[in-house]
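Working notes for the structure below.
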Amino acid sequence: MTPMLTRAGKHGEVIQPLGKGAATDNGGRVFVQDKERRYALKRLKIVGLLGAVLLAAGFASFGQCPPGSVVINAANVAPLPLAANTTYCVDQDIVLGAGGQPVSLQLQNNTRLVGAYPGVRVTGDGANPIVDFWGSGAELANITLYAAGGEPVMVGIGANTNDNVVRKVTIDDNGNALGGPMVEILGGLNHTVEGCSLRTSSAGTNVGILISGGTRVLLADNRIQAVAGANPAFVAINSAGGNGHQILRNQIVNNTATTATQITVNTVQTLISDNVITFNAAVGLGAVGIQVNAATGQVLGNQIRNPGGITAGGGSLAGIWIAGAGFNAVVENNRVTGCGYVTPTALVHRGSAVIVEAPNVVVRNNTLQTAIATGGAVGTTNVDDAAGVYIDLGAVNAQVIGNTINSATSGIVVGAPNATVRNNTITD
């Protein structure tokens with residue numbers, strides 16, 4: 001029988017029996033090879049290493065500017081304008097127009113302006129743009145912008161600039177009525193606004209992102225919120241000028257009794273894809289998810305949902321509206337729920353899931369649901385006001401194919417000649 005090894009105390013007394021796997025060296029000293037103790041030591045080392053890594057990451061995410069950048073804070077005021085081909089980093093909250101800071105941060109060619117961490121805040125002066133792109137190839141990233149009053153715009157991109165980027169920026173009107181949109185792109189080529197968070201709580205702010213001109217603007221993966229106190233007429237995205245833009249994977253959340261269109265497109269060859277629009281409050285009369293007013297638009301894979309309901313006594317929500325100038329549009333693979341009306345004016349078809357007023361439009365493979373909300377009644381209003389698909393008088397050559405429709409009134413209304421309607425599934 002193998003004797004149990006023990007660890008000896010200073011004066012030869014036995015302190016404790018050693019576990020399985022213990023042994024002695026040639027000098028009689030005892031060392032332990034017990035698996036559990038070895039694993040415990042290994043776990044302790046791993047935990048210590050992870051702690052060091054997390055601590056380092058914490059420091060890196062708070063107050064860490066890129067190497068070689070020019071720091072902006074209370075002691076190091078920003079120049080006006082910011083220099084071209086230079087990276088600037090804001091590592092402390094600043095207020096423009098105060099403490100020697102300029103009234104606006106103006107970016108030149110290849111200027112890069114970043115925050116040391118996402119929550120570092122630049123507050124405007126209430127009268128000028130907070131960030132203004134004057135050059136091309138510039139970038140604004142990883143920073144928070146707060147309005148102080150009536151800024152004409154919080155971020156402006158100039159008409160004669162190209163390839164500018166606004167990425168992972170928080171933009172908040174802070175309850176202040178702006179003189180214009182939160183972000184405006186005046187023109188140029190290939191500008192990008194992506195991964196940003198826009199929030200309005202002001203009754204006077206009208207537009208989140210406005211494309212006034214330019215070609216191939218990309219708006220992607222942004223979150224735009226209209227919270228309590230926001231303007232019911234607030235439009236999240238307005239593509240008003242230029243052509244060839246892409247509006248992709250944006251999250252729009254409206255918590256007001258809105259009467260506005262959330263994505264308005266007046267530009268040709270615009271792709272509106274995989275956006276999610278949510279109405280969390282009872283909508284007023286005339287609310288629309290997406291409206292296209294220009295040719296060859298593509299409305300693909302979007303979700304429009306209305307858990308908030310419709311205002312009693314005169315509210316309506318249309319999902320996707322292709323207006324008269326939107327000929328040759330494609331509306332495909334969208335999911336629209338919660339559209340409908342409460343006693344709107346007859347013959348306005350405001351509550352339909354898809355409305356088509358332009359020629360040569362394809363409506364294909366969409367899932368659509370409408371309702372007559374409380375207070376509405378077939379017989380007192382036009383029964384076509386909450387159709388699944390409404391083809392208006394001028395929408396000749398429409399194709400309505402393969403849609404799944406649950407409609408409170410008519411599934412598909414065809415009011416124009418030469419329509420193709422096939423393979424649709426309609427339930428009440």
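The values are calculated or read from the model by the stated rules, or taken from the named source; none is laboratory data. Worth saying up front: this structure is predicted, and the values here are computed from it rather than measured. In this analysis, Cβ positions are derived from the backbone assuming ideal geometry, glycine residues included, and neighbour counts consider all displayed protein chains. When the accessible area is computed, the model is the full protein with side chains, heavy atoms only, and any ligands, DNA or RNA have been set aside. Shrake-Rupley method; radii C 1.70, N 1.55, O 1.52, S 1.80 Å.
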Output the residues belonging to the range 254-278 that are within 18 Å of Ser239 (Cα to Cα) and either under 14 Å from the mean Cα position of the chain (by Cα) or without any contact (Cβ under 8 Å) to a residue 12 or more places away in the chain (or both). Gln262, Ile263, Ile272, Ser273, Asp274, Asn275, Val276, Ile277
For the structure I just gave you, tell me whether Gly213 is modelled with pLDDT of 95 or more and surrounded by fewer than 19 Cβ atoms within 10 Å (Cβ to Cβ). yes
Just the residues that are without any contact (Cβ under 8 Å) to a residue 40 or more places away in the chain, outside any loop (DSSP other than H, G, I, E, B) and either among the aliphatic types (A, V, I, L, M) or farther than 13 Å from Thr144 by Cα (or both), please, taken from the range 75-106. Thr87, Tyr88, Ile94, Leu105, Gln106
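Just to check your reading of the model, which residue among Ile405, Ile401 is buried (at least 22 other Cβ atoms within 10 Å of the Cβ) and modelled with pLDDT of 90 or more?
None of the others qualify; the one that does is Ile405.
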Residues of the range 132-182 satisfying the condition of being over 24 Å from Thr264 (Cβ atoms) and either touching a Phe, Trp or Tyr at 6+ places or on another chain (Cβ under 6 Å) or aliphatic (A, V, I, L, M) (or both): Ala138, Leu140, Ala141, Ile143, Ala148, Asn174
Cross-chain or 6+ apart pairs with Cβ under 7 Å, the range 409-428 first and open to solvent by less than 70 Å² (accessible area, probe 1.4 Å), then among the acidic types (Asp, Glu) and modelled with pLDDT under 95: Thr409/Asp384; Thr409/Asp385; Ser410/Asp384; Val413/Asp384; Gly415/Asp392; Ala416/Asp392
Reported set for the range 155-175 where residues are buried (at least 24 other Cβ atoms within 10 Å of the Cβ) and under 11 Å from Cys196 (Cβ atoms) is Val155, Val166, Val169, Ile171
Any residue at all in the range 330-348 that's of a type in the set (A, V, I, L, M), crowded, with 23+ Cβ neighbours inside 10 Å and modelled with pLDDT of 95 or more? yes
(1) at pLDDT 95 or above; (2) surrounded by fewer than 24 Cβ atoms within 10 Å (Cβ to Cβ) all hold for Gly375 apart from (1)
Take Gly115 and tell me if it is without any contact (Cβ under 8 Å) to a residue 60 or more places away in the chain, open to solvent by 30 Å² or more (accessible area, probe 1.4 Å) and small (Gly, Ala, Ser). no
